[in-house]
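The values are calculated or read from the model by the stated rules, or taken from the named source; none is laboratory data. If you're wondering where the values come from, they're calculated on a predicted model, not measured in any experiment. Here Cβ is always computed from backbone atoms with ideal geometry, including for glycine, and neighbour counts include all displayed protein chains. What goes into the accessible areas is simple: the full protein's heavy atoms, side chains included, and nothing from ligands, DNA or RNA. Shrake-Rupley method; radii C 1.70, N 1.55, O 1.52, S 1.80 Å.
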Amino acid sequence: MDPYPPVLRRCLEELQKLPGIGPRSAQRILFHLLSRGGAGGLAEALSNLERDVERCPACRAYRNRGEECPLCDDPRRDPSLLCIVESPGEVYLVEATAEFRGLYHVLHGLLSPLRGVSPAALGLESLLRRIREREVEEVILATPPTAEGEATASYILEILKERVGKVSRIGFGLPVGSDLQYVDSQTLSRALTGRRDLMKAP
């Protein structure tokens, strides 16, 4: 017989769907919220996400619904530079380095035929449209150095070769097999500074 009341069991199951949260971590979070009376505030904040947050149609990061994107509409940013990342969280990791002042394109995934992730799911049509409209001069591929990340970078390189003057790839300072989600800002800063041009012969 399950020792948890149905409401608690449901909460534990939902918490365990979060990345990096196992049964014990879910239990600690749940009991912390119950003992500190913080469940109501968290529930309200989470419920506001669907109502008040939307994807920016240009960069595909998140913005307040109906408002300007704080990234795309910042006049201090360089529109000739475009950094491509896998997820919205990586935008803020790159921002924390203070090394990049261009624009972003968020893929929301990586190419994976086995999981049914096709080029259409990554918003590549809107990427090409932005490159045409904004006269992008350099695209920085900041996908992770995993098999799927490299395959995605290679695919994007192929479709951009005739459209932009320079396509570079971050690499220096990032160990093979690492994920940007777990890289500190100093290492990511070195990777951005030491990016390599993929369109030049090795």
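Below, the figures for the structure above:
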{"item": "Some residue of segment 80-99 being modelled with pLDDT under 90, open to solvent by 20 Å² or more (accessible area, probe 1.4 Å) and in a helix (DSSP H, G or I)", "result": "no"}
{"item": "Leu141 touching a residue at least 60 places away in the same chain (Cβ under 8 Å), of a type outside the set (Lys, Arg) and open to solvent by less than 20 Å² (accessible area, probe 1.4 Å)", "result": "no"}
{"item": "Residue pairs meeting the criteria (Cβ under 8 Å; at least 6 apart or on separate chains; first within 17 Å of Leu82 (Cα to Cα), in segment 38-60; second open to solvent by 90 Å² or more (accessible area, probe 1.4 Å) and not polar (S, T, N, Q))", "result": "Cys56/Tyr62"}
{"item": "Count - residues of segment 101-132 that are in contact with a strand residue (DSSP E or B) (Cβ under 6 Å, 6 or more places away or on another chain) and more than 19 Å from Ala147 (Cα to Cα)", "result": "5"}
{"item": "Only one of Pro79, Pro113, Pro6 that is closer than 21 Å to Ser168 by Cα and over 18 Å from the mean Cα position of the chain (by Cα)", "result": "Pro79"}
{"item": "Test: residue in segment 146-156 that is part of a loop (DSSP other than H, G, I, E, B) and surrounded by 13 or more Cβ atoms within 10 Å (Cβ to Cβ)", "result": "yes"}
{"item": "Any pair with Cβ under 8 angstrom, 6 or more apart, that starts in segment 87-116 at a residue that is acidic (Asp, Glu) and ends at one that is open to solvent by 50 Å² or more (accessible area, probe 1.4 Å)", "result": "Glu90/Gln181; Glu99/Thr193"}
{"item": "Residue match in segment 157-176 (condition: at pLDDT 80 or above, part of a helix (DSSP H, G or I) and farther than 15 Å from Leu82 by Cβ)", "result": "yes"}
{"item": "Test: Leu128 is part of a helix (DSSP H, G or I) and open to solvent by less than 60 Å² (accessible area, probe 1.4 Å)", "result": "yes"}
{"item": "Residue in segment 169-185 that is more than 24 Å from Pro57 (Cα to Cα), among the acidic types (Asp, Glu) and open to solvent by 60 Å² or more (accessible area, probe 1.4 Å) present", "result": "yes"}
{"item": "Meets criteria (over 26 Å from Cys69 (Cα atoms), open to solvent by 10 Å² or more (accessible area, probe 1.4 Å) and in contact with an Asp or Glu (Cβ under 7 Å, 6 or more places away or on another chain)) for Gly194", "result": "no"}
{"item": "Residues located in segment 15-51, provided they are part of a helix (DSSP H, G or I), within 30 Å of Glu67 (Cα to Cα) and open to solvent by 60 Å² or more (accessible area, probe 1.4 Å)", "result": "Leu42, Glu44, Leu46, Ser47, Leu49, Glu50, Arg51"}
{"item": "Every residue from segment 60-79 that is closer than 24 Å to Asp179 by Cβ and either open to solvent by 10 Å² or more (accessible area, probe 1.4 Å) or in a helix (DSSP H, G or I) (or both)", "result": "Arg60, Tyr62, Leu71"}
